[in-house]
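Scroll down for the structure; my scribbles are underneath it.
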């Protein structure tokens, strides 16, 4: 345990070094619904980890192996970054159209009674999607259970949701320890949502079977990802070319490693496949906001300080030298960051 505490102390130094980047809050003007491209891409979940000695790493692995199953890299970073605020600051929310598509996808219950929605959110992180759902609830949600294996992320969720609790007294909100393969949230739910996390699944067949068991007939399983849109601006393409070479073997959404095992899972036969959707939008950002977003990526956080600093400097130059930045307020250094959001919906038969 001494080695584990030492590991977490060293890792926390990175958290504090990247947690103070200022940036304007994301909002969602000008969302546009488009057809989903076959080249559906990925979105990275963020982690904050540091290099430690082999002995310390072994101690961490020995302890975390007894916790809720989770990808090792995700476990290493999320327990720290969830509480640090970096992930929550760096990542945008989701288009209102995507959230509305999720909320309206379940069919009516067979008993004919109109009832409010019971939602399970898997890999809920710090509650970015949770808040988006609640903001558009319009008194349609009765219960939302956020299932998250990372202690740090659950702490971040509680912090972020605390103000919301004060305004939504009639909605049951809670976060619990659990994973895609071990939900424990009942068997009569209307929606199971996984936002920005499905690519971290360890056992897709088991996870989908668990999700099917969690949903009522007519309930909906939703997968959603945000991703910087490289086709919308040359500087975004150049930026991604710079940092994606560091992905190594991490199961990033863009790499589509999740797709085959998802569609091959036996329990997916329990679902009808609804029309995939994609949404394009532009979000306000600054150079600091772009840097913050870069630092929130798991595979960037594990780089040594010299290499990480060099990468950040080169990425800043890509953005600053680009002739096609769309200025929203040039005097304040605010420009448009193009994003796309991919949404897959499956309705239980």
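The values are calculated or read from the model by the stated rules, or taken from the named source; none is laboratory data. Remember, it's a predicted structure, so these values are computed and weren't measured experimentally. Here the Cβ is made from the backbone with ideal geometry for all residues, glycine too, and neighbour counts use every protein chain on show.
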For this session: Could you tell me whether residue 285 is buried (at least 20 other Cβ atoms within 10 Å of the Cβ) and either without any contact (Cβ under 8 Å) to a residue 24 or more places away in the chain or touching a strand residue (DSSP E or B) at 6+ places or on another chain (Cβ under 6 Å) (or both)?
Result: yes
Exercise. Quick check: anything in segment 101-115 in contact with a strand residue (DSSP E or B) (Cβ under 6 Å, 6 or more places away or on another chain), closer than 21 Å to residue 272 by Cα and either modelled with pLDDT under 85 or surrounded by fewer than 20 Cβ atoms within 10 Å (Cβ to Cβ) (or both)?
Worked result: yes
Problem set entry | Test result for residue 138, outside any helix (DSSP H, G or I), over 17 Å from the mean Cα position of the chain (by Cα) and within 23 Å of residue 261 (Cα to Cα) | no
Seminar exercise, completed: Checked segment 168-189 for anything surrounded by fewer than 18 Cβ atoms within 10 Å (Cβ to Cβ), modelled with pLDDT of 90 or more and out of contact with any helix residue (DSSP H, G or I) (no Cβ under 9 Å at 6 or more places or on another chain); matches are 170, 172, 174
For this session: Run down 231, 270 and say which single residue is out of contact with any helix residue (DSSP H, G or I) (no Cβ under 7 Å at 6 or more places or on another chain) and surrounded by fewer than 20 Cβ atoms within 10 Å (Cβ to Cβ).
Result: 231
For this session: Go through 109, 154 for me and flag whichever is assigned to a helix (DSSP H, G or I) and more than 24 Å from residue 338 (Cβ to Cβ).
Result: 154
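Residues are listed down the side, and each one gets a yes or a no for (1) within 20 Å of the chain's Cα centre (by Cα); (2) in a loop (DSSP other than H, G, I, E, B); (3) under 23 Å from residue 103 (Cα atoms):
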| residue | (1), (2), (3) |
| --- | --- |
| 191 | yes, no, yes |
| 206 | no, no, no |
| 213 | no, no, yes |
| 216 | no, no, yes |
| 226 | yes, no, yes |
| 238 | no, no, no |
| 243 | yes, no, no |
| 248 | yes, yes, no |
| 257 | yes, yes, no |
Exercise. Pick from segment 193-204 the residues that are crowded, with 18+ Cβ neighbours inside 10 Å and not in a helix (DSSP H, G or I): which of them is nearest to the chain's Cα centre (by Cα)?
Worked result: 196
